[in-house]
Amino acid sequence: MPLTIRAVPDSDSTKRPYLKLAFANPYNLSLLVGGLAASVLTLNPIPALVVLGAEGLWLLHAPESKTLRRLLWDPRFEQLRLAIEQREREERMRALEPQERQRVETLVARQQEINRLAAQNPSFTGDLLRGELLKTRKLVDSFLDMALTCARYERYLDTVDLNELDRDRQRFTARAASKNTPDAERGIAKKNAAVIDKRMEKLRDIRNYLGVARGQLDLIENSFQLIADQIVTMQSPAELSGQLDDLLDGVESIKQTAVDTEKILNTMEVT
């Protein structure tokens, strides 16, 4: 049975199951089973005692070895994490148009290029680099979130005929202002005109959000390209950190705006 390991964020590496990986790797299992089998076949307990003692020492020290973590365990966890993220990303991107899916895939490739170039820069130490690369991952996730939100809002706006809505508003407004309209109908016409005015205002809010969000998507793409150009010559992770922090601040601001926009959309879908 293949070893199954849940992907754990870099910031939570202490929870990675190093002990499980040290025990379940095929080389360890082969030596352990081979030693026990030799003991059984030769009817000699010494091979079993030796291999069990060695296994105990291995499980005691190997999971805590920083060298083994860096050379063996962490690269495998990274491969698993990337594979899981890729599957999840592909599943979510099904809701996007082909052109938007390509934008996400291009950004992911750019992120991987930044990670590779940063790892090659001798000015970046391991711990500092890990924190900055985590930010690039967050930005890719946020890019996909915003792209999905924009796509959903645009699909909703495509279902609304603004010209027809404006004609209805004018019709109700004119009916409310007409002296020939009975009082009861005039009151209803005013309410209808007010509702349509409110709908049109909310639609403008959604369009405003789309304009800002689309601009932020462009900014993330352009900034990733700039960082890839600059990172080879950067002298300190602080140079990278400042640019990434600015992008994350912009993303967070748009997320807060999206909360209000989501309420607007939910209200309009109900009505």
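The values are calculated or read from the model by the stated rules, or taken from the named source; none is laboratory data. The structure presented is a predicted model; accordingly, all values stated were derived computationally and were not measured. Cβ coordinates were reconstructed from backbone atoms using ideal geometry, including for glycine residues, and neighbour counts include every protein chain displayed. Each accessible area value is taken on the protein alone, full model and side chains, heavy atoms only, with ligands, DNA and RNA left out. Shrake-Rupley method; radii C 1.70, N 1.55, O 1.52, S 1.80 Å.
Every condition in (1) under 22 Å from the mean Cα position of the chain (by Cα); (2) not in a helix (DSSP H, G or I) is met by Leu217 except one, and the failing one is (2).
This table checks each residue for (1) open to solvent by 50 Å² or more (accessible area, probe 1.4 Å); (2) at pLDDT below 90; (3) among the aliphatic types (A, V, I, L, M).
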position	(1), (2), (3)
Glu154	yes, no, no
Thr159	yes, no, no
Glu164	yes, no, no
Ala174	yes, no, yes
Thr233	yes, yes, no
Glu239	yes, yes, no
Leu244	no, yes, yes
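Counting only helices (runs of 4 or more DSSP H) that sit completely within segment 14-125, those holding 3 or more residues that are modelled with pLDDT of 75 or more correspond to 26-42, 45-61, 74-92, 98-120. Of the residues making up segment 189-203, none is under 30 Å from Ala119 (Cβ atoms), without any contact (Cβ under 8 Å) to a residue 60 or more places away in the chain, loosely packed, with under 14 Cβ neighbours inside 10 Å and of a type in the set (Asp, Glu). The lone criterion from (1) within 28 Å of Ala95 (Cα to Cα); (2) without any contact (Cβ under 8 Å) to a residue 40 or more places away in the chain left unmet by Ala147 is number (2).
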